[in-house]
Amino acid sequence: RKEASFDTTYADWVDADLLNIYAFNHSVRRNWTEGVRVSVNVLSDHKDLPVLFVVRQKEAVVSFQVPLILRGLYQRKYAYQEVSRTLCQPQTTAEVETQHFYVDVSTLSLNASYQLRVTRVENFLLRTNERFGFNATAAQPQYFKYEFPEGVDSVIVKVTSAMAFPCSVISIQDILCPVYDLDNNVAFIGMYQTMTKKAAITVQKKDFPSNSFYVVVVVKTEDEACGGALPYYPLSKHASPDEPVDQHNRQKMLEVMVSPAITSEAYVSSVLFCLGIFLSFYILTLVIACWESCRQQKRKGLLAAMDSPSLDTGHARSIPDSFLGRAPYDSYGYGSFGNGSSSSAEGVTDSLGSAEVSYGYVGQEQFKRRTPSSPMRPLSIAMGRERSLENVAGRPRLDSLSSVEEDDYDTLADIDYDKNVIRTKVRRAPRPPPPRRPPPAGRGEPLHLPNIATIAVFYALPVIQLVITYQTVVNVTGNQDICYYNFLCAHPLGNLSAFNNILSNLGYVLLGLLFLLIILQREINYNRALMRNDAHALECGIPKHFGLFYAMGTALMMEGLLSACYH
């Protein structure tokens, strides 16, 4: 046993019959945290007979051998001659307490020389918004302590490096002894993620009862976990495949900074702001609906006032169609003579009295006959289900048509005595099919909504189960490499690692719901019009397939749900 002191290098040797014990003591204060680091270097090259170092503390025992053997992929072995470990710091309730710890050195080798040095770690306690740089290797990991200040509920631990490789691991662990700071045990507790140049982990105060945690940085033995290539495994004629490989100086320079995350007030304000943006569409839609309803009520009141009998004449008042915002309606003007005006009808009346008359309706047969007393003139015979003269006589200024007698027309019987009768070519135009009245709403519509609902359930159930499963695995194991988040701007809420990714899809759901409400209102108005036997609802427009629009709104809402699950 030897009394030892800090910041002193002890060069010594040990064999199978000798055990060296180094006794250290230091003062621990309640409101001050100080780190202690043990560094050893074995000078003897006896890989099959390593030197064992055991550190006995108040609440923990740390042991490691040198050369330190760490395993990589495919059980590859890597040996390290220089090892440094930071000791766990037990908590104290007294104002000042003197604690003792011992370093035991032993081996089964005949003679093994080594160097031992115990130092105090400067800047062991990390400060908010202050960067701290350090070096780390696979056999010389580093960890530091951070305490939550008053009024801070969550922080973001950011670790950066100018070097992409070697690959490293960032771990957040509770204040417990021992601290798992080697490549083969860093994933045992806490949260961790691999990094090349940047890493960020959001830590919440509620997850750590002591209001403090350790930031552990470990350099991995291989770069395969970060997407790097595996090193060549050297083999020689005299080397065994199980012989460890010396990786020499596999070192990485890093910087760590802890900064506060957004506060709860900012979190709630951001959520309400997003809700307000999409709810403004609801308010705008409601305003437009109220304005349109008032406009319709005003028009109905005006029509009712015009239809009421006048006190002076006793007849209903007439209101111009142009005042109501629509063009005049002419039942005879569509597809007939010009614009359907009286001037066209007048021209037809005048033409009946001329020497040559032509009535060119579709489906008529025209005859031409030359007589001695009169030149050749066209003759027309109405056939089929064409518009009759009685219907035509109903038009204005066509009363003279009633004087036309059947004897004034030449018939086909004249062919018996007159061989100059010429029958023109008959060309019958195909009769257009009668217009089909649209089926009532809801009858004959494709099953859009049931189909989209079935597809939505089919896709949503496994996706939601998968999200719940993976989120549970992340929370239990602490492995943040399972999900690929942007950790620099991921804001957790409850058990969700990145609630802001879910909130960003809120617009799909709210606007899809608004679309469904608009379609529902239109369907209600259409059904009410059918109950009133409204001519516009019965005769005008294309068939109303509201199920298609319901399916579109449902698909928009499911887009938001599944996108939120993905993100």
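The values are calculated or read from the model by the stated rules, or taken from the named source; none is laboratory data. Since the structure is predicted, the reported quantities are computational estimates derived from the model, not experimental observations. Positions of Cβ are generated from backbone atoms using ideal geometry, with glycine treated the same way; all protein chains shown enter the neighbour counts. All accessible areas refer to the heavy atoms of the entire protein, side chains included, with ligands and DNA or RNA removed. Shrake-Rupley method; radii C 1.70, N 1.55, O 1.52, S 1.80 Å.
Could you list, in their original order, any pairs among 58/252; 158/252; 58/220; 158/205 whose Cα atoms are separated by more than 25 Å? Walk me through the intermediate numbers first.
On the way: 58/252 32 Å; 158/252 16 Å; 58/220 30 Å; 158/205 16 Å.
Those over the limit are 58/252; 58/220.
How would you rank 62-68, 275-281, highest first, on the average number of other Cβ atoms within 10 Å across their residues? Each step should come with its number before you reach the end.
Numbers: 62-68: 18.7, 275-281: 12.4.
Order by mean packing, descending: 62-68, 275-281.
Note the full-extension length gain between residue 299 and residue 274 as 0.36 nm times their separation in residues minus their Cα-Cα distance, in nm to one decimal.
Values: separation 25, 0.36 × 25 = 9.00 nm, distance 3.86 nm.
Gain on extension, residue 299 to residue 274, equals 5.1 nm.
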query = If you take the beta carbon distance between residue 284 and residue 31 as r and set R0 to 60 Å, what does 1/(1 + (r/R0)^6) give as a FRET efficiency, to the nearest 0.05?
reply = 0.55
key: Cut-off under 5 Å, modelled amide H: who pairs with residue 36 long-range   = 87, 121
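May I ask what percent, to the nearest 5, of DSSP beta bridges between residues of the range 1-121 are antiparallel? Numbers along the way, then the final one.
Values: 47 of 49 bridges.
Antiparallel bridges: around 95 percent, rounded to the nearest 5.
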request  = Enumerate the amide H contacts of residue 191 below 5 Å, restricted to partners 5 or more residues apart or on another chain; note that Pro and chain-start residues carry no placed amide H.
outcome  = 172
message = Please list, by residue number, every one of the chymotrypsin sites (Phe, Trp or Tyr not before Pro) in the range 482-567 that is coil in DSSP and has at most 14 other beta-carbon atoms within 10 Å.
response = 484
key: Separation of alpha-carbon centers, the range 201-230 and the range 494-567, rounded to whole Å   = 45 Å
ask   = When ranked by the protection proxy of mean other Cβ atoms within 10 Å per residue, highest first, what sequence do the peptides 466-475, 256-265, 79-88 form?
value = 79-88, 256-265, 466-475
key: Heavy-atom SASA rank of 299, 30 (probe 1.4 Å, accessible area, largest first)   = 30, 299
task = Could you tell me the largest-minus-smallest coordinate of the C-alpha atoms of the range 1-102 on each of the three principal axes, in descending order and whole angstroms?
result = 48, 35, 21
ask   = What percent do you get for the relative contact order of the range 5-164 when only Cα pairs under 8 Å and 6+ apart count?
value = 37 percent
task = With only Lys, Arg, Asp and Glu charged, each at its Cβ (+1 for the first two, -1 for the last two), find how big the charge dipole of the range 1-121 is about the Cα centre; round to the nearest 20 debye.
result = 420 debye
remark   = In whole Hz, the Karplus estimates of ³J(HN,Hα) for the range 462-473 (6.51, -1.76, 1.60; θ = phi - 60°; x where Gly or Pro) are x, 5, 5, 4, 5, 5, 4, 5, 5, 5, 5, 4
